1. Inspect the range 8-22 for any residue being at pLDDT 95 or above, touching a Leu at 6+ places or on another chain (Cβ under 7 Å) and either more than 12 Å from the ligand (Cβ to nearest atom) or not in a loop (DSSP other than H, G, I, E, B) (or both) and give the result as yes or no.
2. So is Leu108 touching a helix residue (DSSP H, G or I) at 6+ places or on another chain (Cβ under 6 Å) and not in a loop (DSSP other than H, G, I, E, B) or not?
3. For the range 73-80, indicate whether the set of residues that are loosely packed, with under 12 Cβ neighbours inside 10 Å and either on the phi > 0 side of the Ramachandran plot or assigned to a helix (DSSP H, G or I) (or both) is non-empty.
4. Return a yes/no flag: does the range 42-52 have any residue that is in contact with a Lys or Arg (Cβ under 6 Å, 6 or more places away or on another chain) and of a type in the set (Val, Ile, Thr).
5. Quickly run through the range 40-57 and pick out the residues that are in contact with a helix residue (DSSP H, G or I) (Cβ under 8 Å, 6 or more places away or on another chain), charged (D, E, K, R) and not in a strand (DSSP E or B).
6. Do you know which of the residues in the range 86-106 that are closer than 18 Å to Ile56 by Cβ and among the hydrophobic types (A, V, I, L, M, F, W, C) is surrounded by the fewest Cβ atoms within 10 Å (Cβ to Cβ)?
7. Can you find, within the range 58-67, the residue that is nearest to Arg107 (Cα to Cα) among those that are more than 14 Å from the ligand (Cβ to nearest atom) and part of a helix (DSSP H, G or I)?
8. Please specify each residue of the range 68-95 satisfying the condition of being over 19 Å from Ser40 (Cα atoms) and either away from the ligand (no atom under 15 Å from the Cβ) or under 11 Å from the mean Cα position of the chain (by Cα) (or both).
Amino acid sequence: MHNRDAVFLEDLCPKLGDRRWRKSLHEFTAERCIYCGKHSESIDHILPRSKGGLSITENCVPACLSCNGSKTDNDAFEWYRKQRFYDPRRSMAIKAWTEGDIRLALRLLQWAEPKQTKSIKQSKTRDNEDYSWQVA
Ligand SMILES: [Zn+2]
């Protein structure tokens, strides 16, 4: 009951702390689009708001304008599978994200990241031991 109320409130609440929350989402991925890895300029709703998707972390991912604009109201996973930059590791990351496991999501994203890890400078999300997984 309480949880439900909280979500409801969060959804109704006039964007209190919205900016900060959005910023924190971008920081999770070091300002990278979760779909293609380019610079994230926007927040994408995995389940579109038009279909009842909430503005909560589990449903909102950093995305570049190009991905956000191209996905529009499509199902995120279906849309993503059709993209030429599709990467199953990123797809898994998005899945983990929607399940609230941001940490796992970030590990998967790091795994998918082509050798640009130096710009991921967030110490709290850094897991050096996993770099050995990277495909050359
Ligand atoms: Zn993108």
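1. Scanning the range 8-22 turns up no residue that is at pLDDT 95 or above, touching a Leu at 6+ places or on another chain (Cβ under 7 Å) and either more than 12 Å from the ligand (Cβ to nearest atom) or not in a loop (DSSP other than H, G, I, E, B) (or both).
2. The answer is yes for Leu108.
3. Yes - at least one qualifying residue is present in the range 73-80.
4. Within the range 42-52, one or more residues are in contact with a Lys or Arg (Cβ under 6 Å, 6 or more places away or on another chain) and of a type in the set (Val, Ile, Thr).
5. Glu41
6. Leu104
7. The residue in question is Glu58.
8. Result: Asp75, Glu78, Pro88.
The values are calculated or read from the model by the stated rules, or taken from the named source; none is laboratory data. Note that the coordinates shown come from a computational prediction; the quantities given were computed from them, not determined experimentally. No Cβ is skipped: glycine too gets one built from the backbone with ideal geometry, and neighbour counts run over all protein chains shown.
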